[in-house]
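One structure below.
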Amino acid sequence: MKIAMIGTGYVGLVSGVCFSDFGHEVVCVDKDPAKIDRLRAGEVPIFEPGLEDLMAKNVKAGRLSFTLDLAEAVAGADAVFIAVGTPTRRGDGHADLTYVMSAAREIGAALTGYAVVVTKSTVPVGTNRKVAEAVAETAGDTPFDVASNPEFLREGAAIDDFMRPDRVVVGVESERAKKVMADIYRPLSLREFPVVYTNLESAEMIKYAANAFLATKITFINEIAALCERVGADVKAVSKGIGMDGRIGAKFLHAGPGYGGSCFPKDTKALARIGQEHAVPMQITETVIRVNEEIKHRMIAKIVDLCGGVLRDKVICVLGVTFKPNTDDMREAPSLTIVPALVGAGAKVRVVDPQGRHEGEALLPGVKWAENPYGAAQGADLIVLLTEWNEFRALDLQKLARKMAHPRMADLRNVYDRDEVLEAGFEAYEGVGR
Ligand SMILES: NC(=O)c1ccc[n+]([C@@H]2O[C@H](COP(=O)([O-])OP(=O)(O)OC[C@H]3O[C@@H](n4cnc5c(N)ncnc54)[C@H](O)[C@@H]3O)[C@@H](O)[C@H]2O)c1
């Protein structure tokens, strides 16, 4: 199959590389010349484990290439995937479809024969029909179909998620388009990974419902964690105890500083907006959005308490600022709420993050970046473990305690146990929900 992939961000690049690894001929397009230059030079512009090697392998095999020229990529393609961003629109929480619609019009004008125009970006229910109209505006007599193929990969584990998905969802309304999609995903269906075919609206809704459900699950355990702190329960034991129930499942039950990232915040807001537009308020999702904000502020209060009520001139060492480990993505990370609050209250904040500095420098003004936790901890009053990178999971706690002026830890990911931290010489430890 010949595939054009429009947009080479986290989703487009991973999907394009993985499709080429399936044996398809893939041309990836981006409108950002710097990105295309780097990709052509064999550099991956994002941090995603395993991506650079897989990309190099498929470029070498002649199945994968990169271009700024959308028309060149679309000409002769069996399927054109739209994987551009759909950020939150300013003001109303709606998904901003500007990039999707402009890509659709460009694609229409570039079609040279029948192709399926597939939306991989997360888009509100009804968008694929609008994409069909936009493509038709410029496609003239060239026949095409649209398909919805939302993506469920997680940054940091994106290749494995793409290659071994729980399911692939395809919304499609013609047999011809279904056949193209089946051919594209045959390498997965042959290995018994399920491909769910449904209509366009259901496919679009599956993506929002899945993300809202997961955001709800995280927020639920975070709220339970707050109650655990008051009643003497340990949220880790509670998560384990409820997660063993097959109806609940153990995943997404880790208490922490609130969800962030490029998907949950914007997709929950967009779902709430879709509900309002159809006069069916998404009351649970709206509450989740509000509670998640409160959780981040509860973390700030925890830090203030640990510092004796005053942050001014306290030296605080923050470990991890990306929204989760194994990614350089800072979008909507809890750190973007928590760290500025500390800086704003007069704390001297030092940050260590294995991949976050590139993005984070502009987003977190007023902090000092350090190379490793031990350097950052020198003379510090508090360590805040905010993102559980592997590098922070086996810290030499005694060494840290010796370096700090006041060895105290806010472990917002529950990586450590209170007893081991205190035994290592810390004077205070706070986890989440324990
Ligand atoms: N990041 C994730 O983990 C994830 C997971 C599942 C779904 N999604 C969804 O996938 C979509 C893409 O997300 P992302 O994180 O990859 O976005 P991103 O911002 O990282 O990448 C989007 C890319 O599209 C390019 N682009 C925009 N308009 C273009 C055009 N007309 N022609 C060519 N290139 C164009 C941009 O330059 C950018 O490189 C979003 O809808 C998102 O919600 C993301």
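The values are calculated or read from the model by the stated rules, or taken from the named source; none is laboratory data. Here the structure is a predicted model, which is why all the values come from computation and not from measurement. Here Cβ is always computed from backbone atoms with ideal geometry, including for glycine, and neighbour counts include all displayed protein chains. For the accessible areas, the whole protein counts, side chains as well, though only heavy atoms, and no ligand, DNA or RNA atoms are used. Shrake-Rupley method; radii C 1.70, N 1.55, O 1.52, S 1.80 Å.
Miscellaneous remarks
- When the helices of the chain are scored as -39500 (n - 2.57) per DSSP H run of n ≥ 4 and the total is divided over every residue, the value at 222 nm lands at -13500 deg cm²/dmol.
- Heavy atoms of residue 201 accessible to a 1.4 Å probe, total area in Å² rounded to 10: 50
- Counting only alpha carbon atoms, the long axis of helix 200-231 and the longest principal axis of the chain meet at about 10°.
- The Cα-based radius of gyration of the chain, divided by its Kirkwood radius, gives an Rg/Rh of 1.01.
- You can think of it this way: the chain between residue 237 and residue 72 has 53.8 nm of extra reach, that is 0.36 nm per residue less the Cα-Cα gap.
- In summary, the lysines within cross-link reach of residue 251, defined as a Cα separation below 22 angstrom excluding same-chain residues under 8 places away, comprise 207, 217, 236, 240, 266, 296, 324.
- Mean Cβ neighbour count within 10 Å, used as a protection proxy, ranking 188-195, 261-268 highest first: 261-268, 188-195
- Normalising the average separation of contacting C-alpha pairs (under 8 angstrom, six or more residues apart) by the number of residues puts the relative contact order of the chain at 12 percent.
- Accessible-area ranking of 416, 197, 10, largest first, probe 1.4 Å: 197, 10, 416
- Accessible carbon and sulfur surface of the chain relative to its total accessible area, %, 1.4 Å: 52
- Under 5 Å, built H, 5+ apart or other chain: amide partners of residue 171: 148, 149, 198
- Amide H partners (placed H, <5 Å) of residue 349, local residues excluded: 316, 368
- Mean shadow area of region 341-421 over all directions, Cα convex hull, nm²: 5.3
- The angle between the Cα long axis of helix 175-184 and the longest principal axis of the Cα atoms of the chain comes to about 50 degrees, rounded to the nearest 10.
- Base-10 log of normalised Debye intensity for region 152-300 (one unit scatterer per alpha-carbon) at q = 0.08, 0.09, 0.20 Å⁻¹: -0.30, -0.38, -1.27
- Over region 197-308, accessible surface divided per residue gives 49 Å², non-protein components excluded, 1.4 Å probe.
- Residue-normalised accessible area of region 1-81, given per residue in Å² at a 1.4 Å probe: 39
- Separation of region 306-321 from region 185-224 is 39 Å, based on Cα centroids.
- Using alpha-carbon coordinates, inclination of helix 98-110 to the longest axis of the chain, degrees: 30
- Among beta bridges that DSSP assigns inside the chain, antiparallel share in %, nearest 5: 5
- Charge tally for residue 221 (other residues, Cβ to Cβ under 14 Å; Lys, Arg +1; Asp, Glu -1): +3.
- Coupling constants for region 267-278 follow from the phi torsions by the Karplus curve (6.51 cos²θ - 1.76 cosθ + 1.60, θ = phi - 60°), and in residue order they are 6, 5, 5, 5, 5, 4, 5, 4, x, 4, 4, 9 Hz; glycine and proline get x.
- Ranked packing of 177-187, 96-106, most packed first, by mean Cβ within 10 Å: 96-106, 177-187
- In this structure the amide hydrogen of residue 195, modeled in the peptide plane, comes within under 5 Å of the amide hydrogens of 168, none closer than 5 places in sequence on its chain.
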